[in-house]
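Here is the structure we will look at.
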Amino acid sequence: MTVTAGIDAYADRAEADTYFAARAVTAWAAASEAARDAALLRATAYLEGNHRWVGRLVDPGQPLAWPRTGARDAEGRALDGIPDR
């Protein structure tokens, strides 16, 4: 299975690999590719099912809740695209 960022997950395996390597999360690197993909899908399902987001979908037909328009961070700055964290 291949996870595609923006379609079925918010990050792909390469992005997650970089993120966890920078934080020395050795369990991530030790996991199989299939396990890492499954974790990305579970994380996306959690975010999609457990949060109410501000703003509106950029495209009503997009598969995920982000990117959004009209969303701002705690300091009032516009959030463009999918936030990094």
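Residues of region 35-46 being within 20 Å of Pro67 (Cα to Cα) and surrounded by 15 or more Cβ atoms within 10 Å (Cβ to Cβ), which ones?
Leu40, Thr44, listed by residue number.
Please go through (1) at pLDDT 95 or above; (2) under 19 Å from Asp84 (Cβ atoms); (3) of a type outside the set (A, V, I, L, M) for Thr4 and return the number of the only condition it doesn't satisfy.
Here Thr4 meets the rest and fails (1).
Just checking, does region 22-34 include any residue being modelled with pLDDT of 95 or more and surrounded by 16 or more Cβ atoms within 10 Å (Cβ to Cβ)?
There is at least one residue in region 22-34 that is modelled with pLDDT of 95 or more and surrounded by 16 or more Cβ atoms within 10 Å (Cβ to Cβ).
Taking region 12-21, which residues are farther than 14 Å from Ala43 by Cβ and either in a loop (DSSP other than H, G, I, E, B) or open to solvent by 80 Å² or more (accessible area, probe 1.4 Å) (or both)?
Thr18
Looking at Ala65, is it surrounded by 11 or more Cβ atoms within 10 Å (Cβ to Cβ), within 17 Å of Pro83 (Cβ to Cβ), among the small types (Gly, Ala, Ser) and in contact (Cβ under 8 Å) with a residue 24 or more places away in the chain?
Spelling it out, it is not the case that Ala65 is surrounded by 11 or more Cβ atoms within 10 Å (Cβ to Cβ), within 17 Å of Pro83 (Cβ to Cβ), among the small types (Gly, Ala, Ser) and in contact (Cβ under 8 Å) with a residue 24 or more places away in the chain.
If Val3 satisfies all but one of (1) part of a helix (DSSP H, G or I); (2) open to solvent by less than 80 Å² (accessible area, probe 1.4 Å), what's the number of the condition it fails?
(1)
Which residue pairs have Cβ atoms closer than 6 Å, lie 6 or more positions apart in sequence or on different chains, and pair a first residue in region 41-60 that is in a helix (DSSP H, G or I) with a second residue that is surrounded by 11 or more Cβ atoms within 10 Å (Cβ to Cβ) and not aromatic (Phe, Trp, Tyr)?
Taking only residues 6 or more apart or on different chains, the pairs are Leu41/Ala9; Thr44/Ala9; Glu48/Ala65.
The values are calculated or read from the model by the stated rules, or taken from the named source; none is laboratory data. Being a predicted model, the structure only gives us computed values, none of them experimental. For neighbour counting, all protein chains shown are included, and Cβ atoms are generated from backbone atoms with ideal geometry for every residue, glycine included. Remember, those area values only see protein heavy atoms, side chains included, never the ligands or the DNA or RNA. Shrake-Rupley method; radii C 1.70, N 1.55, O 1.52, S 1.80 Å.
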